[in-house]
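Asker: First the structure, which I've put down as structure tokens, then a few questions once you've had a look.
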Amino acid sequence: MSLILPGYERPRGLHPPLASPAYKSTVLRAPSQPLVVLPQHLTEVTGPLLGEGRVKDSDADLTAQGAGEPLGQRIIVHGRVLDGDGRPVPDTLVEVWQANAAGRYHHSRDTWPAPLDPNFTGAGRVLTDSSGYYRFTTIRPGIYPWGNHHNAWRPAHIHFSLFGTAFTERLVTQMYFPGDPLFPYDPIFNSVLDPDARARMIATYDHDLTAPEISTGYRWDVVLGSTPVEAA
Ligand SMILES: [Fe+2]
């Protein structure tokens, strides 16, 4: 008897085109040939198995990785990871990376003249709980210039990677902050053509989450759009 595996379809119409000319580097890296559709095997339809103890509670607090407090304003970012049918995705890996409060990444390729922070790497990870809930403590990232066009500055954002229940569900995206004046000028933000989908990349200020005299809070739920389908 052969093993029957589910397949996963990519959500249509919501993700940005692979080639978005206003976002210049996509012109070179986008495929110029039709995509080759690879068959989905057991590896593709299962999620990463991380093992006990690989992700520590402290990995979710980006303000506690150094010998001292990082500079900038503390924020809490929390939300739920849901599947395309609105069900929670438990025990799934959520990874984040971001610039520091001055808008600089802890990375050898980032050399613009903003200060590094010895107490801030900008990297964190957490597993969702049984209700798909995740929570980070971090620093609000600064904006940074990126040379794509004249006077190009990225809106403040946090990069997210979410695995879901299968490798084929993996979503790499960015979370933005409400009211950013740079939204109309950012070709990465605007490469998502659907205005409703763009709005879903913006977190909501969460006054109830705010810890008095410690930090403000933001809510950001993520729906992994791919839906399991029966194997062909
Ligand atoms: Fe970035």
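Asker: So what's the chain giving for Rg/Rh, alpha carbon basis, Kirkwood Rh from the mean inverse pair distance? Could you put the intermediate results ahead of the total?
Answerer: On the way: Rg = 18.7 Å, Rh = 19.2 Å.
The Rg/Rh ratio comes out at 0.97.
Asker: Right, here's the next one. What is the distance, in nm, between label points placed 7 Å from the Cα along the Cα-to-Cβ direction at R109 and at K56?
Answerer: Result: 2.9 nm between the two label points.
Asker: Next question. Ranked by Cβ crowding within 10 angstrom, fewest neighbours first, how are H150, H157, H106, H41 ordered?
Answerer: Values: H150 5, H157 24, H106 16, H41 10.
Ascending Cβ contact count within 10 Å gives the list H150, H41, H106, H157.
Asker: Regarding segment 62-117, what are the three Cα extents along the principal axes, ordered largest first, in Å?
Answerer: The principal-axis extents, from largest down, are 45, 25, 16 Å.
Asker: Which ³J(HN,Hα) values in Hz, rounded to whole numbers, follow from the phi angles of segment 87-104 under the Karplus curve 6.51 cos²θ - 1.76 cosθ + 1.60, where θ = phi - 60° and Gly and Pro get x?
Answerer: Calculated HN-Hα couplings, in order: 8, x, 10, x, 6, 10, 7, 10, 10, 10, 8, 7, 6, 7, 5, 8, x, 10 Hz.
Asker: Go ahead and estimate [θ] at 222 nm for the chain from helices alone: -39,500 (n - 2.57) per DSSP H run with n ≥ 4, summed, over the residue count, rounded to 500.
Answerer: On the way: 2 runs with 10 residues, N = 232.
Taking each H run of at least 4 residues, the total per residue is -1000 deg cm²/dmol.
Asker: Go through segment 142-151 residue by residue and turn each phi into a ³J(HN,Hα) via Karplus (6.51, -1.76, 1.60, θ = phi - 60°); whole Hz please, and just put x for glycine and proline.
Answerer: x, 7, 8, x, 9, x, 5, 7, 4, 6
Asker: Follow-up. Once both labels are modelled 7 Å past Cα along the beta-carbon direction, what's the A199-L42 spacing in nm?
Answerer: 4.5
Asker: Compare P145, P70, P113 in a GNM of the chain, Cα atoms joined below 10 Å, and give the one with the largest fluctuation.
Answerer: P113
Asker: Over the chain, what is the relative contact order in whole percent, taking alpha-carbon pairs under 8 Å and six or more residues apart? Please list the in-between numbers first.
Answerer: Details: 476 pairs, mean separation 65.6, N = 232.
Once divided by the residue count of the chain, the mean separation gives 28 percent.
Asker: Using a Förster radius of 25 Å, what is the FRET efficiency between A64 and R170 based on their Cβ-Cβ separation? Nearest 0.05, please.
Answerer: With R0 = 25 Å, the Cβ-Cβ based efficiency is 0.35.
Asker: Over the Cα atoms of segment 128-198, what radius of gyration and what Dmax do you get, in Å?
Answerer: In order Rg, Dmax, the Cα atoms of segment 128-198 give 14.5, 46 Å.
Asker: About the Cα centre, and with charges only on the beta carbon of Lys, Arg (+1) and Asp, Glu (-1), how big is the dipole of the chain? Nearest 20 debye, please. Before the final figure, lay out each step's value.
Answerer: Numbers: 19 positive and 24 negative charges, 140 e Å.
Dipole size: approximately 680 debye.
Asker: Starting with the fewest neighbours, write out M175, M201 ranked by other beta-carbon atoms found within 10 Å of each beta-carbon.
Answerer: Working: M175 21, M201 18.
The fewest-first ordering by Cβ neighbours comes to M201, M175.
Asker: How big, on average over all directions, is the shadow cast by the Cα convex hull of segment 88-166, in nm²?
Answerer: Numbers: hull surface 25.9 nm².
Across all orientations, segment 88-166 yields a mean hull projection of 6.5 nm².
Asker: May I ask you to list the residues of segment 116-132 whose amide nitrogen lies under 13 Å from a point 7 Å from Cα along the Cα→beta-carbon direction of S161?
Answerer: Counting backbone N atoms under 13 Å from the label point, the list is 123-126.
Asker: Hey, another quick one. Report, for the chain, the % of DSSP beta bridges that are antiparallel, rounded to 5.
Answerer: On the way: 31 of 40 bridges.
If I count the DSSP bridges inside the chain, around 80 percent turn out antiparallel.
Each value in this text was obtained by applying a stated rule to the coordinates, not by laboratory testing. This one's a predicted model, so the numbers in the text were calculated from it and none came from an experiment. Using ideal geometry, Cβ is built from the backbone for each residue, glycine included, and neighbour counts are taken over all protein chains shown.
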